[in-house]
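Some notes on the structure that comes next.
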Amino acid sequence: MNNRIEIPLSKKKIALLLLASIAFVAGGIWIASDPERFIPNIFGVTNPEIIRISGIIGILFFGAAGIYGIKKLFDKKVGLIIDSNGITDNSNASSIGLIEWNDISDIRTKQVMSTKFLLIDIVNPEKYIEKAKNKLQAKLMKGNMNMYKTPLSITSNTLKFDFGELEKLIQTEFKRNKNAR
């Protein structure tokens, strides 16, 4: 395969995700600042400290997502590249860069709530976990490994591409390159 397929990041999708994270941080601040007002309206919880801690966790999680969103908004790299070497992923926080065709054993689809993503099963997961750029990324990848038996996943949430088309494209290129080796 001589052709190189480049799928850019969608600044519009990233901006929407950033706005959502800002709204959730604001909600977390509201909940954490006066948890008594939510008793027992949040899942029947009556302990204000548990409600406050939930708000703080929301602030931390969505705050981190917002920081990541700001970083991605100004990211000049291509979101996903598919070529004869493999799949170069820059689409999410656990993206590791090049995933070589030789290392891929299978590609599966998983859906969690309304989000679909591709799970990239690989022969040697540790090889990719060791490529993590920092401890947080390594933790994310290990979390994926524990939940899905692979550290690598790709979603179209930040890409200028429909998930169904992305799934079809990657499966086609995987079969083509698997047979070519």
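Taking Cα centre as origin and charging only the Cβ of basic (Lys, Arg, +1) and acidic (Asp, Glu, -1) residues, the dipole magnitude of region 80-180 rounds to 300 debye. This ranking places W101, W30 by how few other beta-carbon atoms lie within 10 Å of each, fewest first, which gives W30, W101. Along the axis of the charge dipole computed for region 55-175 (Cβ charges of +1 for Lys and Arg, -1 for Asp and Glu, origin at the Cα centre), the listed residues I170, L136, S105 are led at the positive end by L136. Of the GluC sites (Glu not before Pro) in region 83-181, the ones in a loop by DSSP (not H, G, I, E or B) with at most 14 other beta carbons within 10 Å are E130. Expressed per residue, the C-alpha convex hull volume of region 8-73 stands at 71 Å³.
Which entries in K13/K135; K72/K175; K110/K135; K133/K178; K77/K160; K13/K76 show an alpha-carbon gap greater than 23 Å? Don't jump to the answer; show the numbers that get you there.
Details: K13/K135 27 Å; K72/K175 30 Å; K110/K135 25 Å; K133/K178 28 Å; K77/K160 13 Å; K13/K76 15 Å.
Checking Cα-Cα distances, K13/K135; K72/K175; K110/K135; K133/K178 exceed 23 Å.
Relative to the dominant Cα principal axis of the chain, helix 48-73 is inclined by about 40°. With all pairs of separate Cα atoms included, region 80-180 yields a Kirkwood hydrodynamic radius of 13.6 Å. With each label modelled as a point 7 angstrom along the Cα→C-beta vector, the D75-E165 pair spans 2.0 nm.
Charging the Cβ of each Asp and Glu at -1 and of each Lys and Arg at +1, and nothing else, the dipole of region 8-73 about its Cα centre rounds to 560 debye. Going by neighbour counts of Cβ atoms within 10 Å, the residues I7, I67 line up, fewest first, as I67, I7.
Close amide H partners of I122, meaning residues 5 or more places away or on another chain with modelled amide H under 5 Å apart, are S105. For the chain, the Cα-based Rg and Dmax, in that order, read 18.9, 63 Å.
Rule-based calculations on the coordinates, nothing more; no lab input. Computed from a predicted model, the values in this text were never measured in an experiment. Cβ sites come from the backbone with ideal geometry, for glycine too, and all protein chains shown count toward neighbours.
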